[in-house]
Amino acid sequence: MLNRRMVLWRGLAAGAASTALGRSAFAEPGWEGVVAKAKAEGRAIYYSSGIAKTEEPLMAQFGKTAGFAVEYARPGGGEIVLRKYEQEIKGGAESADVCGLSDYALGIYARDKGYAATPDLPNLAKLSSAFAMTDPGIYPTGGLTMPIIVNKTMIPDGQGPTKYTDLIDPKYKGKILFGAPENAGTSTLLIKGLVEQHGWDFIKALRANEVSEMRLQAEAMQAVARGEKPICVVAQAWGFLYQLQGAPTRMIFPEDGTVLARYCFFISKKAAHPAAGAVLANHLLSADYQKALAEENGFYGSNSDAPPPPGMPAVSALKIYSPNLVELTAQRGEIIDTWRKIMG
């Protein structure tokens, strides 16, 4: 069974091997043949770790136009999605044709375990350079950044930190909140990125500057929106949500390299509805679908024609930093333990 701390990298050989597998179930004389077969299959099963209130109606709408039903489920976060999938296929039960994951490292795990098929999808040609497909069977859907978010009544425009390294400036002592890494994969990703960029001594300097933690990123964001603290570092989706609600906050994308968390999905090699799964997967990579997610949830899409979330810069306009996910996959537990020893 999947254990977040025990997910191990098994080498590029597994990825290379996966390109030779999983195609036969999807083989058709062109994409029109795949679409026709999808309609004949009648349904696709999609397990998502996204936001159900946005995704579920979009899936129902797509199913009506595609000519087959989409059975949507949101079991929980990415780890829970993958655990449910594993339990079902190991037990011989029908499971998801497509699994959407909020942690790219989990996609690496799924690929390594041999779960991921590798059909060619038309919308792969539209992937932007920021979300290029680099791992066979792991399809990038987009992601979100880890900006610095400030209460703009407490830190007016033109003031405040512009880089992650500014967070150790004594003038911000006791004024900054993080989310605990034990409760959010993006918090662990952020720590990994900070350590790669600036070393563990930087984390010790954060502690010396009395950076505090909340149990959840949502709690850190809420505290800043209420004016209890002026600064937090959390996923952009929280900043986007509170700005939609009119909170007095603004996002700052660090100049020393804003950490980017990538989302992905995989198509199951054991898909009961392989053609419908492929057609659904291609839709997940479409500009129209990703535009809806950008407008509703504040996510960046992987399709080069998908616009950025309203009021936010394009990914191409940002200096982006992508942490080493191979190391993160293998060292997640060690990273959290070291952070905890420093931060208390």
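Quick note: the coordinates plus some simple rules give every number you see, no bench work behind them. Bear in mind that the values here come from a model prediction, so they are computed numbers and not experimental data. Neighbour counts are summed over all protein chains in view; Cβ atoms, including those assigned to glycine, are modelled from backbone coordinates with ideal geometry.
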Here the averaged projected area of segment 132-239, based on the convex hull of its alpha-carbon atoms and given in nm², is 7.7 nm²
From the Cα centre of segment 253-271 to that of segment 274-324, the distance in Å is 10 Å
Trypsin sites (Lys or Arg not before Pro) in segment 195-299 lying in a DSSP loop, each with at most 12 other Cβ atoms within 10 Å of its Cβ, come to ARG215, ARG226
One finds the C-alpha centres of segment 203-234 and segment 109-142 to be spaced, in Å, by 34 Å
For the chain, the longest principal axis of the Cα atoms and the Cα long axis of helix 31-41 enclose an angle in degrees, to the nearest 10, of 80 degrees
Phi angles of segment 316-329, converted by Karplus (6.51 cos²θ - 1.76 cosθ + 1.60, θ = phi - 60°) into ³J(HN,Hα) in whole Hz with x for Gly and Pro, give 5, 8, 9, 7, 9, 10, 10, x, 6, 6, 4, 5, 4, 4
DSSP beta bridges in the chain: the antiparallel percent, rounded to 5, is 60 percent
Residue-ordered couplings for segment 153-164, obtained by feeding phi - 60° into the Karplus form 6.51 cos²θ - 1.76 cosθ + 1.60 and rounding to whole Hz (Gly and Pro as x), are 7, 8, 10, x, 4, x, 10, x, x, 10, 9, 4
Computed on Cα atoms only, the convex hull of the chain has an orientation-averaged projected area in nm² of 16.5 nm²
Magnitude of the Cβ-charge dipole (Lys and Arg +1, Asp and Glu -1) of segment 194-342 about the Cα centre, nearest 20 debye, reported as 280 debye
Output row, site ASP256, 7 Å Cα→C-beta label point, backbone N cut-off 19 Å, window segment 311-336, residues 318-324
The farthest towards the positive end of the charge dipole of segment 89-192, of the residues TYR109, THR145, ALA132, given +1 on Cβ of Lys and Arg and -1 on Cβ of Asp and Glu, is THR145
Computed for the chain: size of charge dipole around the Cα centre, +1 on C-beta of each Lys and Arg, -1 on C-beta of each Asp and Glu, debye to nearest 20, value 460 debye
Per GNM of the chain with C-alpha springs under 10 angstrom, the most fluctuating residue out of ALA306, ALA208, ALA317 is ALA317
Connecting every pair of Cα atoms under 10 Å apart in the chain and solving the GNM, the largest mean-square fluctuation among SER302, SER128, SER48 falls on SER128
Going residue by residue through segment 191-202, the Karplus relation 6.51 cos²θ - 1.76 cosθ + 1.60 with θ = phi - 60° gives ³J(HN,Hα) values, rounded to whole Hz and with x marking Gly or Pro, of 4, 4, x, 5, 5, 4, 6, 10, x, 5, 5, 5
Candidates ALA93, ALA117, ALA278; GNM for the chain (alpha-carbon contacts under 10 Å) flags as most fluctuating ALA93
Each label sits 7 Å from Cα toward the beta-carbon; between ASP120 and SER316 the label points are separated, in nm, by 2.6 nm
